[in-house]
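Here's the structure we're looking at; comments come further down.
The values are calculated or read from the model by the stated rules, or taken from the named source; none is laboratory data. From a predicted model like this one, the values you see are computed outputs, not experimental measurements. Neighbour counts run over all protein chains shown; Cβ positions are idealised from the backbone, glycine included.
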Amino acid sequence: MDPSAFLIPAVVVVAAGILTSLRVLYEYERGVVFRLGKLTRAKGPGLIFLVPFGVERMRKMDLRIVALDIAPQDTITKDNVSVRVNAVVYFRVAAPTKAVIEIEDYYFATSQLAQTTLRSVIGQSELDELLAQRERINEVVREIIDEGTDPWGIEVTGVEIKDIDLPQEMKRAMAKQAEAERERRAKVISAEGEYQASTKLAAAAEILEQFPAAMQLRFLQTVVEVAAENNSTTLFPIPIELFRTFTEPHKPASAEARARALRAAAETMVEALPSDADRGTLEGAARKMLGMDKEGTKEPASSGGEDS
């Protein structure tokens, strides 16, 4: 018998077995290899070889990050407010061998764990905390899910709450609260502005009180500003105080004022005397000429024989 009749089929079978035993894995893939049902190790990436004829079998695992959408969850917060929350979980396979051996379907298991964890964390938080501290709640949910999936070889990289749906009654109540808060701020700002304006007006009034003519200038400035509006007829209530300077007769100075003026004139005359003059005699003469004694009171009329 010709030996080639057995050799050729054997070569063909071996070549076919070798070709079917070659696998190509991408950079983001790993192959978990089982030899006769027993785990050997994870291979890849690149070209790998398996023992043919079913001795070794491989299961591919994708190591890329998976975005898992959590369905909307109806839950009640700590302060008894019904909310509807949905989120997204980002995770990846960190240990391919654990993801194959430890759990049947890691994707479904991670989804269920994320839903229960989200409901639990929302139930332990108040509504204001849920709305204002969303980043902290995301981190708490991520840590809990990551701790639960770690034995499965799954790493949770992030959790994000996408939407928080509130009842219509709660939305209206929150809108009223926000409106009231805005009105409170507006009133406080208005009162602060009135206080600052009153302070400035008080300072301006003190300055105008010292210089009455400034009131007239301010009045004329107001007239110019009103005239710029192109009004056909403008009525101005003019204060009588503006004409007091022109209407009131000149009042003579009082006796006290005249005494102060004469005293000042006498002192000026005395200071203007030369140094070699008899200051005592000249000072008395000056005061007699002014009709004032040394204390500033008017002296009685002197007799006709007295020298002036």
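Quick notes on this one:
- Flag if ALA67 is touching a residue at least 12 places away in the same chain (Cβ under 8 Å) and part of a strand (DSSP E or B): yes
- Only listed residue being closer than 30 Å to VAL32 by Cβ and in contact with a Ser or Thr (Cβ under 8 Å, 6 or more places away or on another chain), chosen from ILE145, ILE137: ILE145
- PRO151, sole failed condition from (1) assigned by TED's automatic domain parsing to the domain that holds THR75; (2) part of a helix (DSSP H, G or I); (3) surrounded by 12 or more Cβ atoms within 10 Å (Cβ to Cβ): (3)
- Qualifying residue in the stretch 119-135 (condition: in contact with a strand residue (DSSP E or B) (Cβ under 9 Å, 6 or more places away or on another chain), among the hydrophobic types (A, V, I, L, M, F, W, C) and part of a strand (DSSP E or B)): no
- The set of residues in the stretch 1-58 that are closer than 30 Å to LYS98 by Cα and either without any contact (Cβ under 8 Å) to a residue 12 or more places away in the chain or in the same structural domain as ARG92 (by TED's automatic domain parsing) (or both) comprises LEU19, GLY37, LYS38, GLY54.
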